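Okay, handing you the structure first.
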Amino acid sequence: MMSSQGVSKAIQLLFISSVLSGFPDLVCADPPYNVCSTTTTYGLNSLFQSNLENLLDSLPSKAFVSHFDNTSIGNGLDRVNGAFLCLNYVANDQCRNCISTAAYHVKKLCPNMNEAIVWEDECQILYSNETFLGHLSTTGNIPLDNMKNVSDLESEQLRFRSVVNDTLQNLIKQAAFNSSTDMYATKPVVFTDVDILYALVQCTPDLSPDNCSICLQTATTEILAVYYFSRGARLLSRSCYLRYEFYPFYEVATEPQAPVSPQNPGTRKDGRRKTGMILIITSVSVSLVVATLAFYVYCLATRNGKKKERKQYLNREVQLPDIDDPSYTGPYQFHGRKSLNSQEFLFIDLATIHEATDNFSELNKLGQGGFGPVYKGVLRDGKEVAVKRLSSDSEQGSEEFTNEVLLIMKLQHKNLVRLLGFCVDREERMLVYEYMPNSSLDVFLFDPRRRAQLDWSRRLNIIGGIARGILYLHEDSRLRIIHRDLKASNVLLDCDMKPKISDFGMARIFGGSEGEANTATIVGTHGYMAPEYAMEGLYSVKSDVFSFGVLLLEIITGRRNSGFHLSKRAPSLISYAWQLWNEGKGSELMDPLLTDSCCQNEFLRCYHIGLLCVQEDAFDRPTMSSVVMLKSETVTLRQPERPAFSIGRFTDCDEKNACGCSVNGLTVSNIGPR
């Protein structure tokens, strides 16, 4: 039998040969790619150069909180306009590092130029002495491709071209005209039994939907005109980006390097020489491997068998019994349980949850709500989760529990919290969510020390994320959903402080033609409920808009709406906001912590939108799609009317006995409508 050392060497050779034989399917040129102005330059040590360096130095920090931003420094001929874009799948720290690298490269590659753009693998930077924000540009596009063809048969190449075109056309519609996508879309498409095509399109958010569509349509036409036969390609543009490959490049942290264009014949020849060398090395390697291949396969099979057994042990699921059987009286029986199916969603057994939470240790307790406590847990694979445990006397009954599972399992959006699974065992009912390390928005917003971490840019991102999440529920999901309990404590924050809406126990589905519905049971939170819902039980999408308006005002002011009467300035934050607005003193409502980071015009616009959302008549409130559009300064806002001041009752307690008053967390139910 061959020695272990010989086997080890053979395996190494097999690994080398397999890696090398895959090289032609990878791409060989390295970023950055650049386009520099050839007509205008700036002088050494000029004011323009100073402004440019200051602008470039400021971008990486902005990239840590936003994937797109634009800024300007200077005046007149010395004014520099700059912008950056990171691909949406890139994490915030990667975005910052990428922009930092791009800022370095743009100075090295385009010295003394008044205008330049540099593309890295996952981001781009553009600066100019001319205004370009909101302007579509398709000049200077750079098409790039892989070195390997999809097939040597022309018929197969043309079929591939058709699949790519159809896929990109669908993504263009989604990115350009679906307001919840942030002008970004991805899609995997099966091409053959073994090949899956992964495609991505993205526009700079300053473009209009029509211009985004034009940019991507132009990019599609250009790339398919020259590289329809390539296994993968991308097109770099000032205003948009597209890419497709036979591997999920947007789902992994590390990608193969950027593709090479045949417009550079020197690079192509180098690639062919490398390919020839690869073939020689591969042949030698294979001849050495053949002798040990059988032994290697045996070892591999043995190892995989053990790994499979271990994986089955770690990921075992409990099979649900047939609860539709009238004779069944087992531990999973409860009202609404028959709606849950293990094929649709992951059932997690109670033992696994006990293990994950260390038997619901108080050290793992994250918080307490009307439904019961929430615990942090760690599953066997190391994944951190949040376990929502329904207490026996919970305000959320079995119907609401089932409703929450069935609703959220059908929803997929980056601004909605992701449900990973559920557990039902006798009296125990639990929901397992993705873990949000930064807790909920109220924890930061209403704590004077923590609120300092929420600068103006971050608050705008939170507002925008909440708006897009609610828009998805109202218009863009497969269902039309009214949340009915939108508030600061139901907005969770991930590690990048991006908002995710949670708690769908009170949500309701609307039929396609329904405009509003009536309920005899009022559920929600004082201070966030729309007047027609609190007083008459009428709810619609405009009920969520009202709650969003209250939340928006709380975010920009750092003050609660409920309990605002304790300040003795006004009965509520809404009434105080209306009072200052009428007196022309709106800027006095700004959170003092925002003085250094906030633009007053942006603050007043958000203030204005907040007042429009809390109008007393639901008809006068904008829809969430309108709210998203209203953020653009090109849209003129109508003047708000008198808002609904007081929702729910306020007690006459003063600051001394304020501890007896519920401020934010109370969710009410069973209030008879008028």
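Readers should treat all values here as calculations from the given coordinates under stated rules, not as data from a laboratory. Predicted model only: the values in this text are computed from it and were never measured. When we count neighbours, we look across all protein chains shown, and the Cβ atoms used for this are built from the backbone with ideal geometry, even at glycine.
In whole Hz and in residue order, list the ³J(HN,Hα) couplings for the range 180-185 that follow from phi through the Karplus curve 6.51 cos²θ - 1.76 cosθ + 1.60, θ = phi - 60°; x for Gly and Pro.
8, 8, 6, 6, 9, 8
With each label point set 7 Å from Cα along the Cα-Cβ vector, what nm distance links L77 and S625?
Going by the 7 Å Cα→Cβ label model, 4.9 nm.
So, in nm, how far is label T131 from label M535 when the simple model puts each one 7 Å beyond its Cα toward the Cβ?
Going by the 7 Å Cα→Cβ label model, 4.6 nm.
I would also like to ask the following. Report the extension gain between A452 and D166 in nm, rounded to one decimal, defined as 0.36 nm multiplied by the number of residues separating them, less their alpha carbon distance. It would help to have the intermediate numbers written out before the result.
Working: separation 286, 0.36 × 286 = 102.96 nm, distance 4.76 nm.
Gain on extension, A452 to D166, equals 98.2 nm.
Right, another one. Greater than 18 Å separation of Cα atoms is the criterion. Which listed pairs, K410/K500; K388/K498; K487/K542; K62/K498; K173/K498; K187/K414, meet it?
Over 18 Å apart, Cα to Cα: K388/K498; K173/K498.
I would also like to ask the following. Between D57 and I509, what FRET efficiency comes out of the Förster formula 1/(1 + (r/R0)^6) with R0 = 51 Å and r the beta carbon distance, rounded to 0.05?
Computed FRET efficiency for I509 and D57: 0.55.
List the GluC sites (Glu not before Pro) within the range 417-494 that fall in a DSSP loop (any state other than H, G, I, E or B) and whose Cβ has at most 16 other Cβ atoms within 10 Å.
Passing sites in the range 417-494 are E427.
I've got another one for you. Relative to the present Cα-Cα distance, how much length would full extension add between S151 and Q639 at 0.36 nm per residue of separation?
Residue separation times 0.36 nm, minus the Cα-Cα distance, leaves 169.5 nm.
Suppose each label sits 7 Å from its Cα in the direction of the beta carbon; what would the K108-F360 distance come out to in nanometres?
Calculated label separation equals 5.8 nm.
For V189 and N45, FRET efficiency with R0 = 41 Å and r from the beta-carbon atoms, rounded to 0.05? Before the final figure, lay out the partial values.
Details: r = 53 Å, r/R0 = 1.30.
My answer for the efficiency is 0.15.
For R480, enumerate residues with amide H under 5 Å from its amide H, sequence gap 5+ or separate chain, H modeled in the peptide plane.
The answer is F510.
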